[in-house]
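Here's the structure, in C-alpha cells; my notes come after.
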Amino acid sequence: MLVTLHIDPAEKLPLFGSADRHLKLLRDTLGVHLSARGDMLRITGEPPAVEHCAAAIDEVRRLLSTEPSLNHQHIAAAIRKTARPLAAHGAAEATALLRVGAAGHAIAPRTAGQHRYVQAMREHDLVFCAGPAGTGKTFLAVALAVSMLRENRVRRLVLVRPAVEAGEKLGFLPGDIQAKVNPYLRPLLDALHDMMPFDQIRRFMANDIIELAPLAYMRGRTLNNAIVILDEAQNTTPAQMLMFLTRLGEQSKMVVTGDPSQVDLEPGQNSGLADAARKLHGIKGIVFVQLDRADIVRHRLVQNIVHAYSERPAAPDAAPARPSPAPNDAPRLTATPDGAAL
C-alpha cells in the first residue's frame, strides 16, 4: 500500500527530526518504508501499518501547533495514541490485552498477521504460530503472558525450549544444571527482561511464578492455571511434541512457536511442528497461525535477509542442503480458527 502526504516546508525539520530521526522511529516501530522528495512524503508497506503511520504523522502535525520542538517521546506518544484505530478491524481487544511495555513503549501488534496471532491467543487455549525470524512469534506470546500474569488471569508462566544447538556442538558446559541449560533458554529470558524489571523476574522465578525449563523437564507434569510457551518448536521431534501438548491442564493456555526454515534436528528426523500441523489440522479449539515476511518487525534489513535466503538458490560450490524433515505435503499453518479452510 502507498500513501503520499504533502508536507509544508515549515513542518519538515520538526516533523522529520534532526537527521530524520523521527522518521526512523516511525519506520522502525511500524515496519513501513518512508521516503521524502520535495514537499511529498511517501509511506509504503502493509495497509494496517501504513494507515497507522499516516495517522501518527497527522497527530504529530497537530502537536506542532503547541509544541514547536518535538522529541522522540512526542513521536512515541503519537504512535501509541493512534494504535487503537489500527486495531479497529476486529482486534481492538487484542491490543488492549497487551498491558505491558518494552523500552518505555507500549507493546502492541503492528501488522495484520500479528493482530490475528494475538486475537487467536486471546480466544483459544492451544495456538500454533509459525513464521520467519523477526515476526514477533515469541515476543508477542511472552508479552501476552506477562499481561495475563499482571491481571491475575493465570498464576504461572512457563517458558520452554528444546535444548538443540543451531548447527554446532557446544560440548560439555560447565556449572550446575541451571548453568548448563541457560544458553538454550537465554532468548526467552531476553524477552522477559524487555518487559519486567530484573528484580521482579528474579523474585517471580524464586517463587515459581515464572519458570524457564528445557523441554526434557516437561515429562510427567500437569500444568494447571498457567500459560505455557514452547519456543523453537521446529526443533522438537513428534514424540516430544506429543509429550509437551499433553501437559496442558485446567485453566491453562499453551502457545507453540517455531520457524520451519530453521530446523536444527539431525538429518532424517521429522519436525514435531510440521507433524502437529498435519495431525491436528481441523481439530476444534486448536488454531494454526502462519506469519510471513510482511509481518517482520525486527530491523528493516531482516526482511530483506529472509527474502534473499528463501528466494535465491545456493551457490554452486555450497554444501548440499540438509533434506527437510517435513514431508512436502505437510499443510501450511494458517490463521484460521479450528483448522478451518480459508
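Okay, here's what the table says:
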quantity: Residue list for the range 246-272, filter: under 25 Å from Asn224 (Cβ atoms) and crowded, with 16+ Cβ neighbours inside 10 Å; calculated: Arg247, Leu248, Ser252, Lys253, Met254, Val255, Val256, Thr257, Gly258, Gly272
quantity: Yes/no for Phe204 being surrounded by 15 or more Cβ atoms within 10 Å (Cβ to Cβ) and in contact with a Ser or Thr (Cβ under 8 Å, 6 or more places away or on another chain); calculated: no
quantity: Wholly within the range 79-189, helices (runs of 4 or more DSSP H) carrying at least 2 residues that are modelled with pLDDT under 60 and of a type outside the set (A, V, I, L, M); calculated: 83-86, 92-97
quantity: Listing of helices (runs of 4 or more DSSP H) fully contained in the range 2-64 that carry 3 or more residues being at pLDDT 85 or above; calculated: 21-30, 47-63
quantity: Selected residue [assigned by TED's automatic domain parsing to the domain that holds Gln290 and assigned to a helix (DSSP H, G or I)] from Gln251, Gln240; calculated: Gln240
quantity: Odd one out for Leu212 among (1) crowded, with 23+ Cβ neighbours inside 10 Å; (2) of a type in the set (A, V, I, L, M); (3) without any contact (Cβ under 8 Å) to a residue 60 or more places away in the chain; (4) within 23 Å of Arg156 (Cβ to Cβ); calculated: (1)
quantity: Given (1) surrounded by 14 or more Cβ atoms within 10 Å (Cβ to Cβ); (2) more than 22 Å from the chain's Cα centre (by Cα); (3) in a helix (DSSP H, G or I), index of the condition Leu70 fails; calculated: (3)
quantity: Selection status of Asn270, farther than 30 Å from Asp28 by Cβ, at pLDDT 85 or above and polar (S, T, N, Q); calculated: yes
quantity: Search result, residues across the range 281-298 that are buried (at least 16 other Cβ atoms within 10 Å of the Cβ) and either at pLDDT 90 or above or polar (S, T, N, Q) (or both); calculated: Ile286, Val287, Phe288, Val289, Gln290, Leu291
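The values are calculated or read from the model by the stated rules, or taken from the named source; none is laboratory data. Keep in mind the model is a prediction, meaning the values are calculated, not measured. Cβ: placed from backbone, ideal geometry, glycine included. Neighbour counts: every protein chain shown.
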